[in-house]
Amino acid sequence: EGIIMKNTYNIEGVKCGGCVATVKDKLSKLENVDSVEVNIQEKTLTVEGDVAKESLQAALSDTRFKIN
């Protein structure tokens with residue numbers, strides 16, 4: 001297997017479990033995304049997979065969540 005790409009970003013607007021579920025649902029549908037973790041307390045998003053930050057934000061474009 002190749003190297004696992006894992007990136008952590010700051011994410012704004014995630015306040016509850018429903019928010020986390022929405023983010024996970026939308027990002028999990030992207031090609032090359034292996035796993036999505038969201039930490040509400042730390043406001044972080046960790047994505048495993050070879051995917052650009054721009055693609056992640058585009059997938060959330062119809063939500064209030066912002067990836068930094």
**Prompt:** Assuming a viscosity of 1.567 mPa s and a temperature of 4 °C, what translational diffusion coefficient in µm² per second does Stokes-Einstein assign to the chain, Rh being the Kirkwood radius over Cα pairs?
**Reply:** 109 µm²/s
**Item:** Environment charge at Asp34 (Cβ cut-off 10 Å; Lys +1, Arg +1, Asp -1, Glu -1)
**Value:** -1
**Message:** Suppose only helical runs count, i.e. DSSP H with n ≥ 4. What mean residue ellipticity at 222 nm does that imply for the chain under -39500 (n - 2.57) per run, divided by all residues and rounded to the nearest 500 deg cm²/dmol?
**Reply:** -8000 deg cm²/dmol
**Item:** Residue-by-residue Karplus 3J(HN,Hα) for segment 4-10, coefficients 6.51, -1.76, 1.60, Hz, glycine and proline x
**Value:** 7, 7, 9, 10, 10, 10, 7
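Every number here is computed from the coordinates shown, using simple stated rules; none is lab data. Bear in mind that the values here come from a model prediction, so they are computed numbers and not experimental data. As a convention, Cβ positions derive from the backbone with ideal geometry for all residues, glycine included, and neighbour counts pool all protein chains shown.
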